[in-house]
């Protein structure tokens, strides 16, 4: 069995029932200047093409839903890139770009969806009309229509795309921020499922912007309660995520989640506090929690940190003089009880030299930090790290040149979901010891894989990491030794499967930044992982059958009043009809008791529901048939 090492720091905390801890590498104290450039996608980056690569097709276990030559899906945290209606509809987005040799002028949103039978073909063009965009997030409104938010250039503004009328339309989200806005996040919720919650940062100085309200790259909040038609909050500043604490905020260093009227925003700064802001009234008011306290508020590069300010527990096994913080790659999730959970990659930073205009980070550092509201403030736990493939107790990575330059911890890009039984699921990308490319540029480099962990007890204990890059899952098993897997995005709603997408290619690192490898085709792959593989018991399921199995008909359709439901029972049994929205939330239920074999008619009152697209379900004899219905 592959194992982890318990670090001295975790040992001080006692037995926490954790899945495992991080490994130490002999070269882990190797540092390098933090010369990460936050890309917006507006840059004219031109790369020679590497076309001598295998093509991937579809299999039953893993499905390719898109491909792109633009390979930076995020600078840090992952967005909400995949939605899944339990046991039903799915939709995924990604940053799409094909024209690598000309600087990606046609870059935009790649979109694909699953209609209950199959995914569509790989998109061949962006959703947007006449504007270059990137960093899309996807959501679904109560009527079943999709919404996408991304940033656009030139001008650095936020663009809202909607397909409510069947065709995609695009509108600008209003803002008075002069530097412009970049790198948005979006989640959909509210009392009626039509509230859009959007966050983005003002354009930083390094990207041609200017400080806004005292912060270089200020996180701002936007809200629409009517599906994006109007915006009642724009350019909002959230208390605790402001200039009283910060002088700068990281590009893509934040995440958002929504459940009903509860909203959670996580800010995962490198040289600043890791903070979670929570609202229980749909974004009207906020309470902030410091997850990890940085020794100095309003820190700026080259201020220097007095070692006496570093908590003693953060110095155990740490680089001398370095301070522990986040790698800016984190995730937040609200569980079924309304409790907020957060994850991020642990990182150490050294700003001892106060004259160089930069600071150092440690590319070989790893460790998954976890927090939830029950822990209190400034109290996190290490729940895992890089897998010890050869069980020797050491992370066998020769040096910092042996890993792709993502400028994060060796475990990063977290994305989380929750199921109906309040079990938690987290996917992330992490370096592997036993998979490497000897011919990588500029030297031997180790591959990253996608891992999933889960918890059945609210985060007290966690399963061991499950590697998804394996022969019985990937599209082409013969290529398993050569897959770089990064940027996972988990659908928030988990049923009996964890639904996720991720990006794969055959070279560690990136083309548009960092390693600056030759451009190559990158594949956006979808996986549906059975939760049984994590040792979890699936919830009871019914056999889904075609509507024709019960000769199920709904009339009128579209409907303005009561709905008539006609059906045929092949045999006697208990019968129930119900109505749900496209997110799987049951809105109306009518138990019809035991009925005899033969033809039956029922009526369902729908006058209490707003106009939209719904699903009518007929349950009988442990089978379920469904018809789509439109209410006007």
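Coordinate-derived values only; no laboratory data. As the structure is a computational prediction, the values presented were derived from the model and not from experiment. Cβ sites come from the backbone with ideal geometry, for glycine too, and all protein chains shown count toward neighbours.
Please give the Cα centre distance for segment 464-509 versus segment 321-353, rounded to the nearest Å. With segment 464-509 and segment 321-353 each reduced to a Cα centre, they are spaced 23 Å. Panel note: the C-alpha atoms of segment 333-377, placed on their principal axes, show extents of 48, 20, 14 Å (largest first).
Quick one: compute the contact order of segment 188-279, relative version, from alpha carbon pairs under 8 angstrom and 6+ residues apart, as a percent. Intermediate values should be presented prior to the final figure.
Values: 184 pairs, mean separation 21.8, N = 92.
With pairs under 8 Å counted, the relative contact order is 24 percent.
In terms of packing, defined here as the mean over residues of other Cβ atoms within 10 angstrom, the peptides 88-99, 476-487, 532-543 line up highest first as 88-99, 476-487, 532-543.
Helix-derived [θ] at 222 nm for the chain: sum -39500 (n - 2.57) over DSSP H runs of at least 4, divide by residue count, nearest 500?
Helix contribution divided over all residues of the chain: 0 deg cm²/dmol.
Here the Debye sum runs over all C-alpha atoms of the chain as equal scatterers in vacuum, and log10 of I(q)/I(0) at q = 0.11, 0.12 Å⁻¹ comes out as -1.06, -1.26.
Rounded to whole Å, the principal axis extents of the Cα atoms in segment 147-227 read 39, 27, 17, largest first. Rg and Dmax over the alpha-carbon atoms of segment 292-395 stand at 15.5, 49 Å.
Cα convex hull of segment 521-632: mean projected area in nm², to one decimal? Let's see the in-between values first.
Numbers: hull surface 40.0 nm².
Approximately 10.0 nm², given one-decimal rounding.
The fewest-to-most ranking of 256, 233, 450 by surrounding Cβ atoms within 10 Å reads 233, 256, 450. In plain terms, the residue of 402, 329 with the fewest other Cβ atoms within 10 Å comes first and the most crowded comes last, giving 402, 329.
What per residue convex hull volume, in Å³, comes out for segment 103-190 when only alpha-carbon positions are used? Can you show the working numbers first?
On the way: hull volume 10.2 nm³, N = 88.
Per residue, the Cα convex hull of segment 103-190 comes to 116 Å³.
Using a Förster distance of 22 Å, how high is the FRET efficiency between residue 356 and residue 290, based on the Cβ-Cβ distance and rounded to 0.05?
Working: r = 29 Å, r/R0 = 1.31.
Step by step, r from the Cβ atoms, then E = 0.15.
Among 425, 526, 502, a tally of other beta-carbon atoms within 10 Å of each Cβ gives an order, fewest to most, of 526, 425, 502.
The radius of gyration of the Cα set in segment 433-568, together with its Dmax, comes out at 21.8, 68 angstrom.
So if R0 is 56 Å, what FRET efficiency would residue 124 and residue 532 give, r being the distance between their Cβ atoms, rounded to the nearest 0.05? Write down the numbers at each step before the final one.
Working: r = 36 Å, r/R0 = 0.65.
For residue 124 and residue 532, the calculated efficiency is 0.95.
Nearest 0.05, what FRET efficiency do residue 568 and residue 32 give at R0 = 51 Å with Cβ-Cβ as r?
0.15
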